[in-house]
Amino acid sequence: MTKVALAFDLGGTELRGALVGSGGRVVAHVSAPTMAIAGSEAVIGQIIALSGDLLTQHPQAKVAGIGVGAPGPLDPKAGIVIAPPTLAGWHDVPLIDILGKHFGLPVRLENDANAAALGEWRFGAGRGTGSMVFVTVSTGIGGGVVAEGHIYHGRRGLAAEIGHMTITSESDRCFCGAIGCFEAVASGTALGRRATALTTPGDGSLLRRLSADGDVSARHVVEAARAGDISALELVEAEANWLGIGFTNLLHLYSPDLIVMGGGLANGFDLLAPRIRAVVQQRAMPAYRDVPIVPALLGNQAGLIGAASLILWEGEPGAPLAMAQDEDDSGTTKRAGVREASHG
């Protein structure tokens, strides 16, 4: 077998792993529910176990290294997961060091949205562009920015938390604690919350029938809108309006060649796109109005392919600008400005 990378997409709900070849092809895939409340040691044990499953499937694999996409905030250069709100007990966990010592292989770490952005830029909707903003709209809103062939990281790798840019003075409180975040008004969670508030159990509405009289999700809204339900279509229109406002901000901030929308809500992109584009035409300055806004192509494999690219294409366009870890004479990794943390 040709050179492959072990790739992991660590989510708060699901942990997915894959062997990915240099052409971006997923050779093998495994997954497991993330032990999100059990602490870092348990989840890292899951990564090790899934690696064993993958290598059992392909014992002749020539593994070049391990790429991991994980929820932020994290420091990709130092290889530390700082304090992701979706993973309990993770505080300055030196993930690169832990996995590197266990496997004896190079390990690279990236924000999960950045990893998905890399995947789409190399092999998906952004292929061939010089710059791209990737927006994932699902439970929350995340993003990654590719500029001149590289992920833009900012200080300590914390750039492009686009879900937490303020776009209104009124909203439900965001998960981060603020009011008015893009995520608080335009995520799939926000759409489902509005649909739930609009209806009541037993009211006979299509939205409640689809949800079996439970809370309505964004998926139910899209399904009902496709069936022509008036309430659902109005909810989609309002959702697209918020997305259009946020996307206009991203155009003005980054001036990309392309905006790519991924995440669970991208399944309704065809319903959302006309209003999104109309809002951009109304709000964006003329020079920005012709930038294409398109759906992602790689689905839930974007993050895995992007994580693998951290290993397979290191040093080439699309790889992080500064992934090499500096070492002192004793071989210990230097972490400027980051507290050394113990595992677990």
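Some points to look at:
- Tensor-based shape of region 77-195 (alpha-carbon gyration tensor, a/c under 1.5 rounded, otherwise prolate or oblate): oblate
- Ranked order, E41, E239 - accessible area, probe 1.4 Å, largest first: E41, E239
- The H on the amide N of L109, modeled in the peptide plane, is under 5 Å from the matching H of V68, each at least 5 residues off or on a different chain.
- Extension gain, D270 to K3: 0.36 nm times the residue separation minus the Cα-Cα distance gives 92.3 nm.
- Working ranking of peptides 128-137, 44-53 by packing, defined as the average number of other Cβ atoms within 10 Å per residue, highest first, is 128-137, 44-53.
- Membrane-span-like helices in the chain, defined purely by DSSP H runs whose alpha carbon atoms cover 24 Å or more axially and whose average Kyte-Doolittle hydropathy reaches -1.0, are 40-57, 230-254.
- Karplus-derived 3J(HN,Hα) values for region 9-14, using 6.51 cos²θ - 1.76 cosθ + 1.60 with θ = phi - 60°, are 10, 8, x, x, 9, 9 Hz; glycine and proline are entered as x.
- Note that the chain presents 43 Å² accessible area per residue, ligands and nucleic acids not counted, probe 1.4 Å.
- Accessible heavy-atom area order of W90, W313, highest first, probe of 1.4 Å: W313, W90
- Unit charges at the beta carbon, dipole of the chain: most positive-side option, L265, P94, P292: P292
- Only DSSP H runs of four or more residues enter the estimate; each adds -39500 (n - 2.57), and after division by the residues of the chain the mean residue ellipticity at 222 nm equals -11000 deg cm²/dmol.
- Dipole magnitude (debye, nearest 20) for the chain, charges at Cβ of Lys, Arg, Asp, Glu: 380
- Backbone geometry of region 144-152 corresponds, through the Karplus equation with coefficients 6.51, -1.76 and 1.60 at θ = phi - 60°, to 3J(HN,Hα) couplings of x, 10, 9, 10, 6, x, 9, 5, 7 Hz, x marking Gly and Pro.
- Within the accessible area of the chain (1.4 Å probe), percent carbon and sulfur: 52
- Database remark: amide H of S31 closer than 5 angstrom to the amide H of G17 (H placed geometrically; neighbours at sequence offset of 5 or more, or on other chains; Pro and chain starts carry no H).
- Checking every one of the GluC sites (Glu not before Pro) in region 97-170 against DSSP loop status and a limit of 13 other Cβ atoms within 10 Å picks out E148, E170.
- Residues D172 and R127, FRET efficiency given R0 of 51 Å [Cβ-Cβ distance, rounded to 0.05]: 0.85
- Taking all protein chains together and a 1.4 Å probe, the residues K101, K62 rank K101, K62 from largest to smallest accessible area.
The values are calculated or read from the model by the stated rules, or taken from the named source; none is laboratory data. It should be emphasised that the depicted structure is a prediction, and the values quoted were computed from it without experimental measurement. Using ideal geometry, Cβ is built from the backbone for each residue, glycine included, and neighbour counts are taken over all protein chains shown. These area figures cover heavy atoms from the full protein model, side chains too; ligands, DNA and RNA do not enter into them. Shrake-Rupley method; radii C 1.70, N 1.55, O 1.52, S 1.80 Å.
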